[in-house]
1. Identify, by number, the condition in (1) under 30 Å from Gly328 (Cβ atoms); (2) not in a helix (DSSP H, G or I) that Asn284 doesn't meet.
2. Checking Ile109 against (1) part of a loop (DSSP other than H, G, I, E, B); (2) surrounded by 14 or more Cβ atoms within 10 Å (Cβ to Cβ); (3) modelled with pLDDT under 95; (4) within 35 Å of the chain's Cα centre (by Cα), which test does it fail?
3. With respect to the numbered conditions (1) modelled with pLDDT under 95; (2) among the acidic types (Asp, Glu); (3) open to solvent by less than 40 Å² (accessible area, probe 1.4 Å), which one is the sole condition not fulfilled by Glu72?
4. Considering only region 6-44, state which residues are among the hydrophobic types (A, V, I, L, M, F, W, C), within 34 Å of the chain's Cα centre (by Cα) and open to solvent by 10 Å² or more (accessible area, probe 1.4 Å).
5. List pairs: first residue in region 193-222 and closer than 14 Å to Arg183 by Cα, second residue open to solvent by less than 60 Å² (accessible area, probe 1.4 Å) and part of a helix (DSSP H, G or I) anywhere in the structure, Cβ distance under 6 angstrom, at least six positions apart or on different chains.
6. In the list Ala449, Ala463, which residue meets the criterion of being buried (at least 23 other Cβ atoms within 10 Å of the Cβ) and either under 20 Å from Ala318 (Cβ atoms) or at pLDDT below 95 (or both)?
7. In region 75-94, what residues are under 15 Å from Val48 (Cα atoms) and either open to solvent by 10 Å² or more (accessible area, probe 1.4 Å) or charged (D, E, K, R) (or both)?
8. Output the residues belonging to region 198-239 that are within 30 Å of the chain's Cα centre (by Cα), in a helix (DSSP H, G or I) and more than 18 Å from Asn299 (Cβ to Cβ).
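The values are calculated or read from the model by the stated rules, or taken from the named source; none is laboratory data. Because the structure is a prediction, the values reported are computed rather than measured. Positions of Cβ are generated from backbone atoms using ideal geometry, with glycine treated the same way; all protein chains shown enter the neighbour counts. With ligands, DNA and RNA removed, areas are computed over all heavy atoms of the protein, side chains included. Shrake-Rupley method; radii C 1.70, N 1.55, O 1.52, S 1.80 Å.
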Amino acid sequence: MENKIKIGLFATGLDTYWGQFDGLLDSLLSYKTFIKSNIESKCNVEVVDAGMVDNPSKALEAASTFAREEVELVFLYVSTYCLSSTILPVAQRINCRIIILNLQPVPAIDYDYINNLGDKGKMTGHWLAHCQACSAPEIANVFNRSGLRYEFVTGYLQEDCVWTDIVGWTEAARVKHAMRNNRLGILGHYYCGMLDVYTDTTRQAATFGTHIELLEMCELKMYRDRVTESEILAKLHEFSEKFDVLPECEEYELRRAAQTSVALDMLVKAHNLGSMAYYYEGVNGNDYENIVTSVIAGNTLLTGKNIPVAGECEVKNAQAMKIMSEFGSGGSFSEFYAMDFNDDVILLGHDGPAHFAISEGRVKLVPLPIYHGKPGKGLSIQMTVRHGDVTLLSVCEGNDGVFFLTAEGRSVEGPVLNIGNTNSRYRFPIGARQFMDAWSKAGPSHHTAIGTGHIADKITKLAFLLNIPVVRIC
């Protein structure tokens, strides 16, 4: 059973009001209950409810509760006017971001109803139940002066865009949690000379919390040598289930890839990996060369099972693929292939691994007589990313540290190269020429992760939670 992440929630108010305005506290608590139940039902998280924080003593209690429960994110619901002195102690003592819910109960006050109550005390009480906006500037002022980062969700309780925003924040918090608990394996070494691919693994661990495990080729060989005939046959059956295996694929190559795929599964299990980056060459005829030229099918299977694998030892892109996968968008290993100025599209792909779960149709397993720029020959993947909305994500390292680079576009129909690689056509709202220049000048490596759907907003939220910059091209 999947463990749900914990999200904190508390309402704010002024305890002086409760004795002055009959029924006000009950109304405000009912709004908080509505928010809590909706977060639980729409976001599939556990809500840690610290109640109504209406004085500094309760603020300290709420902060202790959130710290004890190790919440990933806190929603501060401004239920009516509150003193900023009751908010600051919470924000100062928790080790996560606060999202301020500036949410009225309804789109607009019922002016006629309130004005016809005939009792200015009752009228004021009803107004205070709609007075969420009053504290928003005060809270922001104090957070700004205290160096605390925050964001607002502003609207009313049953507004669709409000809940899209809240769901986005909880999904970003869940992905942050997943990255912090992920174990990323590095097998082999960088592709020599790809300076853009080289990365600072300490900085990656510091930014995301990811544990990085350095793996040995001899361990993978050990597992491969142990693979049984029954395991090879079972893996061949899995190939036939997940791929369209072209008849040109030789039995020898299929069995070689199946044996390596079983060994990769063993390696992943032994180290409890959630992602991996790899590259190796080896001397001609070497056992390790035999392994590395037969990994694409197995790595593609792993990628489709939320264990993304990036080739050419592109650690940063393995991180990007994992983020996309955790958002439920896939995340296929890609690089820029060509520009089609006639159709104003850009082609992206790679020689594997791919993400079979986001393919347009079934993935083809095909033979390659040569791996371009790499040793040997073997099996590869032919696929196109599902037509429709897509998002590109690169995890980048610049002079000032790690940042995200993202863009939204569409995977579109049209001719592609059937060269035994992933290959797709992408159209962007700013056009191919402007996109290519803007993306390149942002300074990513030449790899990127491509996922289905438009999720740049969620990626932006994740960047906020991680306290890193994000560059959005379109």
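1. Among (1) under 30 Å from Gly328 (Cβ atoms); (2) not in a helix (DSSP H, G or I), the lone unmet condition for Asn284 is (1).
2. Evaluating Ile109 over (1) part of a loop (DSSP other than H, G, I, E, B); (2) surrounded by 14 or more Cβ atoms within 10 Å (Cβ to Cβ); (3) modelled with pLDDT under 95; (4) within 35 Å of the chain's Cα centre (by Cα) leaves (4) as the failure.
3. Unmet for Glu72, out of (1) modelled with pLDDT under 95; (2) among the acidic types (Asp, Glu); (3) open to solvent by less than 40 Å² (accessible area, probe 1.4 Å): (1).
4. Leu29, Phe34, Cys43
5. Pairs that qualify, where the first residue is closer than 14 Å to Arg183 by Cα and the partner is open to solvent by less than 60 Å² (accessible area, probe 1.4 Å) and part of a helix (DSSP H, G or I), are Phe208/Met179; Thr210/Met179; Ile212/Thr201; Ile212/Ala205; Glu213/His271.
6. Ala449
7. Within region 75-94, just Ile94 meets the criteria.
8. Hits for region 198-239 are Thr201, Thr202, Arg203, Gln204, Ala205, Ala206, Thr207, Phe208.
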